[in-house]
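The block underneath contains the structure these notes are about, expressed in structure tokens.
The values are calculated or read from the model by the stated rules, or taken from the named source; none is laboratory data. Just so it is clear, the structure is predicted and the values come from calculations on it, not from any experiment. FYI the Cβ positions are ideal-geometry reconstructions off the backbone, even for glycines, and counts take in every protein chain you see. Each accessible area value is taken on the protein alone, full model and side chains, heavy atoms only, with ligands, DNA and RNA left out. Shrake-Rupley method; radii C 1.70, N 1.55, O 1.52, S 1.80 Å.
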Amino acid sequence: MSQQAPLSSVNDFVVRFANVNGSGSASANELFARAVLRHGVPVSPRNIFPSNIQGLPTWYEVRVTEAGHLGARGGGTDLMVAMNPQTWDNDVAGIVPGGYLFYDSTKPMPSSKFRDDVTVIGVPLTAITNSTYSDPRQRQLFKNIIYLGALSALLDMDPKLIEQLIGEQYKGKEKLLSSNVHALHLGRDWALQNLKCPIGLRIRKADKVGDRIFIEGNNAAALGAVYGGATVCAWYPITPSSSLAEAFTNHCKKLRHDPDTGRAKYAIVQAEDELASIGMVVGASWNGARAFTTTSGPGVSLMTEFIGLSYFAEIPAVIMNVQRAGPSTGMPTRTQQCDLIACAYASHGDTKHVLLFPEDPAEAFEFAAAAFDLAERLQTTIFLMLDLDIGMNQRLCRPLKWDDAKQYDRGKVMTADMLEEGRDFGRYLDVDGDGIPFRTYPGTHPTKGSYFTRGTSRDRYARYSEEGAVYADNVQRLLRKFQTAQDMVPRPLQANAAKPTKYGVIYFGSTAPAMDEAIGLLEARGHQLDRLRIRAFPFHSSVASFIAEHDFVYVVEQNRDAQLRQLIVNENGIDPVRLVPILHYDGTPITAQFIAASIGTHQDQIKVTPLRKAVS
Amino acid sequence: MTYIAKPKFQHPGIKKNALGYSHRDYEGKISTLCAGCGHDSITASIIEACFELSIEPHRVAKISGIGCSSKTPDYFLGNSHGFNTVHGRMPSVLTGANLANRELIYLGVSGDGDSASIGFGQFAHAIRRGVNMTYIVENNGVYGLTKGQFSATADRGSKSKKGVTNTDNPIDLVGIALQLGATYVARSFSGDKKQLVPIIEGAIRHKGAAFIDVISPCIAFNNHAGSTKSFDYVREHNDAVNRLDVLTGRDPIEIDQDPGTVQIVEQHDGSRLALRKIDADYDPHDRLGAMTFLQKHAAQGQIVTGLLYVDPEADDLHSHLNTVERPLNRLGAADLCPGQSVLDKINASLR
Ligand SMILES: Cc1ncc(C[n+]2csc(CCOP(=O)(O)OP(=O)(O)O)c2C)c(N)n1
Ligand code: SF4
Ligand SMILES: [Mg+2]
């Protein structure tokens, strides 16, 4: 065996399951993650599913982290559960020295297929399965539960907690329940009898999960749309956003049918393309319903003509963009924060749009619901900027909360009564100085309040006009409206370092957990940083003041072109030298190690030659 | 165009409909189209149809794409909300609007470029879904607004004003609409108001996807010899298969021809369509027969007009989606938001 001592760690390691897609492994793997949670130990799992690689591989990586670091750890796998022969070589190579390799030892493998610096754990999974089950489908499914059973012994997990989970999952389906528990013990007993259990990696009960929930961002955003009162959803399938529309459909089926008539209080249309999706959203919103679409980068590109119409004709629209690596088809199943510029300035002509940046599913829920209030208040497009990392992975987050006293903000809508009272209605008239005009819904009043909606220039009373002054008056008001938005969107959140510091860091969205962890690593290296998490565009004034208060500010993001930094420089007139880009864009989720190493290197240089002097 | 307010004065003896509205109440702004443009005649027919049906103008949503044709909703029903959307995308906007409020009447106005070229996909899909609407294409075979390029409905062999011969095959929107399941399909001619007005009336009263292709000559760019969409050509080749009368309420049925040739069709809302046969062979309830008939006659250079197909038992997208009767845009938090107690249960299931 190896010269390398086997890894030894309690509640802090990474397990990676390498599976073949469609083998039913997903639910067993999720069961593993949830079982660890039931031990009171946080986990952060990630699905990795390349879009076009032979052997249909999928990986499920579970970071077990008592310290609660929910970002990806990076740096190899501690325990590889290698169930996919096609990816075997890479999987074995991805184990850290001293790590463990768990595999199906039914068929003998040549020794060249192994490494001598990892502990090899062979369990004859196929043999055990085949001697117990004859039905091919059962064989496939229970094999997964059998490996879970074996792992529970190897990692010293409490089998009662797993049984409990299985019990909840198959409540009322006694046969399935008992056969799953049986399979679990088949694997567990085999491991206890034949292997040295536990190994160096262990799960020990802790109390670090609290009341947190475990949910995918797309699912949470879909619930946000239900709670936010969305009634029309039009969408076109695209990874990684499809599961959002599907989750909305499922929630609506349960929560949105009239108990008496059984009829639907929603309409969901799978459109023919993204042009039609956004068209339906615009049409429904124009007519006073709360409507949204879900998409990803290529879909946003197709929607841009309509987004300009929404901006200029002032029609609410909510677009949930679950970002993936672009441009073009890019890496369609990999994560990035790469559509900031595309969304902030989507469409031709002078346009600007509101973007919301949730950090996790809990915020995805809140911001999704808030997006509908904002869209109707501001009468424009609101982008909810998710990404694959938040959207398609279960993340531990605070429970979802709703204030039952909350009413929807339907914005400035002139009613038949208001018109009857003789209120002056100018569709594009800035009555309150906030740039936001009143609108009327079609069909409101027989003789008052109708107007012609168009993407063409018009005056304050919606009358067609190509007068330069009239056009300018209108687009300046739109700018005023955008300024109004600054104070309506979620504010940035600041967290200061323990000691006063001249250095700051700005970040957003799914970078948050890695950033939180990186701060600890940087502090250990003696670097103090104040943090500002941006949660929306347009930027609140506190962004500019945060930058003003620090000599240098790192801007951490997951794209090549420093898109957030560009937006800050552009919109706030900041000297670019003051903003140091920290960029991660290989399609994997950003890690604390990466952030700490990149910022640490810069900080070390500053310590050698103060940059302030160097540039002045 | 500048805004011209029309004089409000109305002659006391002017004709009123059941709601007490006169024609004037169904008019819009003054048209800015070329004098003699076929589209203006269609506007007049829409006004006439809405007047005759005693529709409350503000209960109509007029939605169009981009083009000369798509400008026309500004020229009728001045008290309705109108929406001039983007080129070729009227169908999706109309679909969304319809989902938001099932109680309004949806009138989609489009051009042949708008619906057969850039918006061919949206046209097809709105029809497929059975959106409850009256979808009118003002078909002139050219892009009027961008100055006379061929559109996808231009016939093969027809000549442009500049003398170029079209070599591409035409798209027959009526044929496509039939194939995609439209439940009310008609073709008419802007120059034949007598035929067109009742066809529009029937479409408005129809529950489901009603499609009307109206040949509407472009005076400026497609009314010359060699064009197959000119006034003269259409008059010469018009092959009307039937004449329609829409009977509402208790109108007595006047039959001034051989009674055997009149067929009464009752639609969902109780309105009756009186169809007087011109072509004895033509059966407007036979979708397949209609498609064959159209193709045969097109091959002979004839333009078949009339109510070509109707399914009086049709239903619409709302019935497919089983939505509540109350318009979705009128549902509030109490109807839509499940509240914290449900969220507590959801949270509990996620631990
Ligand atoms: C995306 C886009 N492309 C091109 C145009 C230019 N454009 C305006 S109207 C039109 C054609 C309209 O033709 P049709 O629908 O037949 O209407 P008509 O003017 O003939 O009534 C075109 C190409 C546009 N407005 N938008
Ligand atoms: S250009 Fe043709 S379609 Fe346009 S208004 Fe003139 S005649 Fe009508
Ligand atoms: Mg045309």
Filtering region B:70-89 down to residues that are of a type in the set (S, T, N, Q) and more than 13 Å from ligand 1 (Cβ to nearest atom), which residue is surrounded by the fewest Cβ atoms within 10 Å (Cβ to Cβ)? B:ASN79
Taking strands (runs of 3 or more DSSP E) that do not extend beyond region A:208-304, which have at least 3 residues that are facing chain B (nearest Cβ under 10 Å)? A:213-216, A:232-235, A:267-270
Matching residues, region A:116-133, being within 12 Å of A:ASP104 (Cβ to Cβ), within 39 Å of the chain's Cα centre (by Cα) and either at pLDDT below 95 or of a type in the set (S, T, N, Q) (or both): A:THR126, A:THR129
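Residue by residue, here is whether (1) under 17 Å from A:ASN287 (Cβ atoms); (2) open to solvent by less than 50 Å² (accessible area, probe 1.4 Å); (3) modelled with pLDDT of 95 or more holds:
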| residue | (1), (2), (3) |
| --- | --- |
| A:THR415 | yes, no, yes |
| A:GLY422 | no, no, yes |
| A:ARG427 | yes, yes, yes |
| A:ASP432 | no, no, yes |
| A:GLY435 | no, yes, yes |
| A:GLY449 | yes, yes, yes |
| A:ASP459 | no, yes, yes |
| A:GLY468 | no, no, yes |
| A:ALA485 | no, yes, yes |
Considering only residues that are near ligand 2 (Cβ under 10 Å from one of its atoms) and open to solvent by 10 Å² or more (accessible area, probe 1.4 Å), which ones fall in region B:31-49? B:SER31, B:THR32, B:LEU33, B:CYS34, B:ALA35, B:GLY36, B:CYS37, B:ASP40
B:SER54: among the polar types (S, T, N, Q), within 16 Å of ligand 3 (Cβ to nearest atom) and open to solvent by 10 Å² or more (accessible area, probe 1.4 Å), yes or no? no
Is region A:137-156 home to any residue that is open to solvent by 70 Å² or more (accessible area, probe 1.4 Å), at pLDDT 95 or above and farther than 30 Å from A:VAL96 by Cβ? no
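Matching residues to (1) without any contact (Cβ under 8 Å) to a residue 60 or more places away in the chain; (2) more than 13 Å from ligand 1 (Cβ to nearest atom); (3) open to solvent by less than 10 Å² (accessible area, probe 1.4 Å):
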position: B:LEU107; (1), (2), (3): no, yes, yes
position: B:TYR143; (1), (2), (3): no, no, no
position: B:GLN149; (1), (2), (3): yes, no, no
position: B:ASP155; (1), (2), (3): no, yes, no
position: B:LYS162; (1), (2), (3): yes, yes, no
position: B:ASN169; (1), (2), (3): yes, yes, no
Assuming A:SER450 fulfils every condition listed in (1) touching a Leu at 6+ places or on another chain (Cβ under 6 Å); (2) without any contact (Cβ under 8 Å) to a residue 24 or more places away in the chain apart from one, which condition is it? (1)
When B:LYS194 is evaluated against the numbered criteria (1) under 25 Å from B:VAL246 (Cβ atoms); (2) open to solvent by less than 20 Å² (accessible area, probe 1.4 Å), which criterion, by number, is the only one it fails? (2)
Working carefully through the options A:SER541, A:SER510, find the one that is under 30 Å from A:PHE372 (Cβ atoms) and crowded, with 20+ Cβ neighbours inside 10 Å. A:SER510
Residue set B:LEU173, B:LEU180; condition within 14 Å of chain A (Cβ to nearest Cβ), in contact (Cβ under 8 Å) with a residue 12 or more places away in the chain, within 30 Å of B:ARG102 (Cα to Cα) and away from ligand 1 (no atom under 11 Å from the Cβ); output residue B:LEU180
Can you report the number of residues in region B:183-230 which are small (Gly, Ala, Ser), within 15 Å of ligand 1 (Cβ to nearest atom) and over 19 Å from B:PHE51 (Cα atoms)? 4
Boolean, A:ALA518 is buried (at least 18 other Cβ atoms within 10 Å of the Cβ), modelled with pLDDT of 95 or more and within 30 Å of A:GLY426 (Cα to Cα): no
Would you pick out the residues in region A:120-157 that are within 26 Å of A:LEU37 (Cβ to Cβ) and not in a helix (DSSP H, G or I)? A:ILE121, A:VAL123, A:LEU155, A:ASP156, A:MET157
Considering (1) farther than 17 Å from B:ARG102 by Cα; (2) within 8 Å of chain B (Cβ to nearest Cβ); (3) of a type outside the set (D, E, K, R); (4) in contact with a Pro (Cβ under 9 Å, 6 or more places away or on another chain), say which one A:LEU309 fails and leave the rest. (4)
State which residue pairs qualify: first residue among the hydroxyl-bearing types (Ser, Thr, Tyr) and inside region A:521-545, second residue open to solvent by less than 40 Å² (accessible area, probe 1.4 Å) in any location, beta carbons under 9 Å apart, and separation of 6 or more residues or different chains. A:SER542/A:PRO492; A:SER542/A:LEU532
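Yes/no matrix, rows are residues, columns are (1) under 19 Å from the mean Cα position of the chain (by Cα); (2) among the aromatic types (Phe, Trp, Tyr); (3) under 27 Å from A:ARG290 (Cα atoms); (4) modelled with pLDDT under 95:
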position: B:GLN267; (1), (2), (3), (4): yes, no, no, yes
position: B:SER271; (1), (2), (3), (4): yes, no, no, yes
position: B:GLN300; (1), (2), (3), (4): no, no, no, yes
position: B:LEU336; (1), (2), (3), (4): no, no, yes, no
position: B:GLY339; (1), (2), (3), (4): no, no, yes, no
position: B:VAL342; (1), (2), (3), (4): no, no, yes, no
position: B:LYS345; (1), (2), (3), (4): no, no, yes, no
Residue ID - most open to solvent (accessible area, probe 1.4 Å), chosen from residues in region B:288-329 that are within 14 Å of chain A (Cβ to nearest Cβ) and in contact with a strand residue (DSSP E or B) (Cβ under 6 Å, 6 or more places away or on another chain): B:ASN322
Any idea which of A:VAL14, A:VAL20 is more than 20 Å from the chain's Cα centre (by Cα), β-branched (Val, Ile, Thr) and open to solvent by 20 Å² or more (accessible area, probe 1.4 Å)? A:VAL20
Based on what the data block shows, is B:GLY38 away from every other protein chain (no Cβ under 13 Å) and not polar (S, T, N, Q)? yes
Can you confirm whether B:VAL214 is within 16 Å of ligand 3 (Cβ to nearest atom), assigned to a helix (DSSP H, G or I) and away from chain A (no Cβ under 14 Å)? no
